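Remarks on the structure that follows.
The values are calculated or read from the model by the stated rules, or taken from the named source; none is laboratory data. Owing to the predicted nature of the structure, the values given are computational and were not obtained by experimental measurement. Virtual Cβ from ideal backbone geometry, glycine too; neighbours counted across all protein chains shown.
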Amino acid sequence: MRFHALQTDPTWQDVAGNRRRIELMIDEHLGAGSIAQGDYVVTPEMCETAWTSDRAHLEPVRGSLDWISATARARQVWLQAGFGEHTPDGGIANSVAVAAPDGDVRAIYRKNFLFPNERASFVAGEDIVVLDTGSAKVCPLICYDLRFPELWRLAAQAGAEVFAVGSSWPAVRHEHWRALLLARAIENQACLIAANRTGRDPAHEYAGGSVAITSLGERVDEAGDEVRCVTLPFDRASFDSWRARFGALRDTRDTLLGSITARRV
């Protein structure tokens, strides 16, 4: 199984155009053989609209989920896509949904750690997801979650083997992005695939830097600021061998961690 990060340059609040660009990008790589059926594809944060707190431009939840499901099913891939989720209590959440190759929406994760300018508009998540694809156990996370290592360790303790991150990380803090992603992979002995956007919106400029990192901390593929697809091959034998030989995760002192609900799906 391979994991792929789509580094896109979305148009702010253009749902139809952004969806179509993602579909075409997947189709192009399927045609070239660089994405295969059964692979796992990750988009940047809020990929339909680019980051926005304007609820008038957010799709109804059913519309977003139907598109994610149909896109995965038509191409026979796992698709993790970020979207703005209208919540039942009238709020909005910064979320990702993961659809299986048959189109079944297997998981929805809400961003746990909200950036200061998000707190007035978004509700935070309260749990994590560890999704068993049959080939690897995947934990989807979003952007600012990257700065909170306790969340990642709790996910690793719950069985996460691959972290899949969707982000809108600004260029001004690009070196933080690179350093923190590498640290999260190394300290959790986990693989990592991260999709960041490129381009600009009314508030920020983005530098891309989507990346694939092994559980040994090797950057095996990394984008610049161009639109492109980054790929992580998941090698089960190598992954299991490293965790067996080097027991850092086994040495975790759980009593120092706190707790969070982990939904295993």
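Selection of region 69-104 for residues being β-branched (Val, Ile, Thr), modelled with pLDDT of 95 or more and out of contact with any Asp or Glu (no Cβ under 9 Å at 6 or more places or on another chain) yields only Val98. Across region 127-156, the number of residues qualifying as closer than 27 Å to Arg253 by Cβ and either at pLDDT below 95 or in contact with a Gly (Cβ under 6 Å, 6 or more places away or on another chain) (or both) comes to 2. Please work out if Trp12 is under 19 Å from the mean Cα position of the chain (by Cα), hydrophobic (A, V, I, L, M, F, W, C) and over 16 Å from Pro140 (Cα atoms). It is false that Trp12 is under 19 Å from the mean Cα position of the chain (by Cα), hydrophobic (A, V, I, L, M, F, W, C) and over 16 Å from Pro140 (Cα atoms).
Each row is one residue, and each column tells you yes or no for (1) touching a helix residue (DSSP H, G or I) at 6+ places or on another chain (Cβ under 6 Å); (2) of a type in the set (D, E, K, R).
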site	(1), (2)
Gly90	no, no
Ser95	no, no
Ala99	yes, no
Arg119	no, yes
Pro149	no, no
Arg173	no, yes
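For region 29-51, check the following and say yes or no: at least one residue is crowded, with 23+ Cβ neighbours inside 10 Å and over 15 Å from Gly166 (Cβ atoms). The answer is yes; a qualifying residue exists.
Only one entry in Arg153, Arg173 is part of a helix (DSSP H, G or I) and in contact (Cβ under 8 Å) with a residue 12 or more places away in the chain, namely Arg153.
Look at region 232-257: where a residue is touching a residue at least 60 places away in the same chain (Cβ under 8 Å) and surrounded by 13 or more Cβ atoms within 10 Å (Cβ to Cβ) and a partner is part of a helix (DSSP H, G or I) and small (Gly, Ala, Ser), sitting 6+ places away or on another chain with Cβ atoms under 7 Å, you get Leu249/Ala156. Pull out all pairs, ordered by first then second residue, where Cβ-Cβ is under 7 Å, the residues are six or more apart or on different chains, the first lies in region 99-111 and is more than 12 Å from Gly82 (Cα to Cα), and the second is of a type in the set (Ser, Thr, Tyr). If the second residue must be of a type in the set (Ser, Thr, Tyr), the pairs left are Gly103/Ser69; Val105/Ser69. If the condition is being in contact with a helix residue (DSSP H, G or I) (Cβ under 9 Å, 6 or more places away or on another chain) and farther than 17 Å from Ile213 by Cβ, then region 224-265 contributes Asp225, Val227, Arg250, Thr252, Asp254, Leu257, Gly258, Ser259, Ile260, Ala262.
Return the residue satisfying two criteria in turn: it lies in region 210-224 and is without any contact (Cβ under 8 Å) to a residue 60 or more places away in the chain and small (Gly, Ala, Ser), and of such residues it is surrounded by the most Cβ atoms within 10 Å (Cβ to Cβ). Before you say what the answer is, go through the steps one by one.
Initially, region 210-224 is screened for residues without any contact (Cβ under 8 Å) to a residue 60 or more places away in the chain, giving 213-222, 224.
If we keep only those that are small (Gly, Ala, Ser) as well, we get 215, 217, 224.
Values: Ser215: 23, Gly217: 15, Gly224: 11.
Only one residue fits best here, namely Ser215.
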